[in-house]
Structures are given as C-alpha cells and as structure tokens.
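Note sheet for the following structure.
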Amino acid sequence: MFRIGQLASIYRISGKTLRYYDELGLLRPKYVDEATGYRYYTSSQIPVLNEIFLLKEMGLSLKEITYLMKEEVDKDHTLLKGVLELKQLEFDRQIQELNEKKQTIELLKKKLDKEGGIELSSFKVGIKKVEEMQVASLKASISTYSTQDALWAELLEYLNKCRAKVGNERYTIYYDSVYKSDEIQVEILKRVMAPFPETERIRHKRQEGYEEVAYLLHTGEHESVIDSYEAILTWIEENGYKVVGNIREEFHMDDFTTDDPKEFVTEIQIPVQKRGEEFVR
C-alpha cells in the first residue's frame with residue numbers, strides 16, 4: 001500500500017485533491033490509519049485515477065464524473081457513452097476547423113521522423129543498492145512541480161559560482177508530507193566531492209544510502225512518467241516488497257543537458273524492503 005503523499009507525488013497533485021476525491025466518493029482509500037489519519041492506496045486504484053484525469057481533460061466536471069462513475073447510476077455506461085459521443089462530435093468540429101494547421105503539423109512531424117526517435121520506457125524494474133554520498137542540498141516548499149526548474153537553476157549557479165567540486169548525480173526527493181500540508185515538499189540534491197561555503201538555503205550534508213531501491217528508467221517526456229510509476233508500484237506489490245522511504249527521481253538527461261524532451265532519461269527510485277524482513281534479525 002502507498003500513503004497519500006506518495007500517490008500525490010506520483011500524480012503531481014496535492015493531498016487536498018485526493019482528499020476531495022475521497023469526499024466525493026470518486027476514489028476512497030483502501031485503508032485509513034485511525035492513529036495517524038494517513039490514507040493508504042493500492043496500485044489497483046491507479047487506473048481509476050487515470051480515468052478521472054482523462055474525463056477531466058475532456059471537459060467534464062468532478063460532479064459529472066462522480067455521477068457517471070457510480071455503478072448504480074450507469075451500470076451499462078449508457079450515460080458515459082452519450083457524453084463521450086457529444087465530446088467526439090465537438091472534437092471532430094474543432095479538427096475540421098483546424099484542418100489546414102493539422103496538415104502543416106503532419107508535414108513537420110514527417111521531417112522530424114526521418115531523424116528517428118527514442119523508444120519509450122520498457123518498464124524493466126530492478127533492485128539495487130544506493131550508496132551514501134556527499135551532496136549539496138536545497139529544500140523548499142513549492143506549489144507546482146514545474147517550480148523545480150528555478151530551484152535547480154539556483155543550486156547549480158551557486159555551486160558553479162563558488163567553484164565547488166561536483167559529481168554527476170543529481171536528483172529530487174519528494175517528501176511524504178502532503179497529509180500535513182498542501183505545499184509540495186521537495187529536496188534537490190547534487191553530488192559534491194568536498195565541502196563548500198554554505199548559505200541559508202544551500203547546505204552541505206551526507207545523504208543516507210539504501211540497501212535496496214526499486215528502480216526503473218523512464219525515457220522521454222516527463223508528462224508520460226505516470227505509466228512508469230504504475231509499472232514500478234505494481235512490481236513492488238506483486239514481488240512482496242513494501243516502500244520504506246521517500247520517492248526519488250535521478251535525472252540522467254533533462255532540459256539542462258538536451259533541448260529534446262524525447263531524449264530525457266529519468267530514473268525513478270523507491271526505497272523498499274521485503275515484507276517480513278523487519279522481524280528478522
């Protein structure tokens with residue numbers, strides 16, 4: 001099972017949104033810890049979230065989605081099919097109006113295709129050990145995930161300015177604190193080889209390692225990373241592991257190293273432990 005903060009981090013939404021889905025009856029947690037109040041979800045609920053987001057993209061309100069997704073209201077999906085047909089007619093009209101622009105786009109795509117593309121993530125999950133390392137750390141509360149770009153610019157520019165000796169590793173940790181706050185708690189880390197002058201925001205520290213992390217390489221635009229998260233979370237559950245740490249993303253290739261989003265390579269890392277091993281000494 002996964003806590004509300006972990007699921008919110010994956011979907012780039014706030015904990016408030018997931019709690020609202022619970023209130024509407026759209027997506028109820030599988031289990032709520034009475035002592036802490038934490039909500040827990042399973043990988044089997046990920047397709048439900050995907051369906052909610054898809055219907056939202058089509059212009060449906062949450063109240064409409066809630067009504068349509070209730071089995072007692074639309075068991076044979078008659079209402080949903082009717083709504084989708086109306087949306088399809090609307091999209092067909094828009095396509096017709098923009099047909100000339102569409103043809104221009106197709107021509108440009110053909111030119112780009114001649115150069116070849118990069119395969120999407122093959123969803124191959126592995127287990128590895130992550131060593132402890134020295135890092136430059138910048139913690140922040142952000143309102144949207146795109147705000148990370150400004151944080152990375154701040155950290156990398158400072159390290160360059162003070163001529164810090166750095167390594168290649170660079171990643172973000174998403175902290176499971178959404179239950180307590182609707183702000184997104186992140187820590188961006190860049191490996192350093194030696195101490196450097198600290199500031200109020202940028203610190204030198206030793207980042208803990210993990211004996212086991214489940215990892216998966218996602219290739220391509222970050223907007224499509226949801227499928228990779230669904231694959232790794234499902235793998236964790238099906239192979240008898242549990243999550244024991246915060247989700248991390250290591251950036252091997254991103255907009256700091258290439259202008260082509262198709263060349264982005266993001267390594268998802270989730271600290272895990274075999275179920276039952278905590279009782280073995």
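Of all the residues in region 14-28, those that are open to solvent by 30 Å² or more (accessible area, probe 1.4 Å) and of a type in the set (A, V, I, L, M) number 1. In region 182-281, counting only strands (runs of 3 or more DSSP E) that sit wholly within it, the ones holding 1 or more residues that are β-branched (Val, Ile, Thr) and closer than 24 Å to Val125 by Cβ span 184-192, 210-219, 241-243, 247-253, 265-274. Residues considered: Ile52, Ile65. Of these, the only one that is part of a helix (DSSP H, G or I) and either in contact with a Phe, Trp or Tyr (Cβ under 9 Å, 6 or more places away or on another chain) or open to solvent by 70 Å² or more (accessible area, probe 1.4 Å) (or both) is Ile52.
Give me the pairs, please: first residue somewhere in region 15-33 and in contact (Cβ under 8 Å) with a residue 12 or more places away in the chain and closer than 19 Å to Tyr175 by Cα, second residue anywhere and open to solvent by 20 Å² or more (accessible area, probe 1.4 Å) and of a type in the set (Lys, Arg), beta-carbon distance under 9 Å, and either six or more positions apart or on two chains. If the second residue must be open to solvent by 20 Å² or more (accessible area, probe 1.4 Å) and of a type in the set (Lys, Arg), the pairs left are Gly15/Arg39; Gly15/Lys180; Leu18/Arg39; Arg19/Arg39.
Just one of the numbered conditions (1) open to solvent by 70 Å² or more (accessible area, probe 1.4 Å); (2) assigned to a helix (DSSP H, G or I); (3) at pLDDT 80 or above is not true of Leu79: (3).
Checked against the criterion of being open to solvent by 60 Å² or more (accessible area, probe 1.4 Å) and among the β-branched types (Val, Ile, Thr), the candidates Val213, Val166, Val265, Val272 yield just one match: Val166.
The values are calculated or read from the model by the stated rules, or taken from the named source; none is laboratory data. Source: prediction; values computed, not measured. Cβ atoms come from the backbone with ideal geometry, glycine included; neighbour counts cover every protein chain shown. SASA here: full protein model, heavy atoms, side chains in, ligands and nucleic acids out. Shrake-Rupley method; radii C 1.70, N 1.55, O 1.52, S 1.80 Å.
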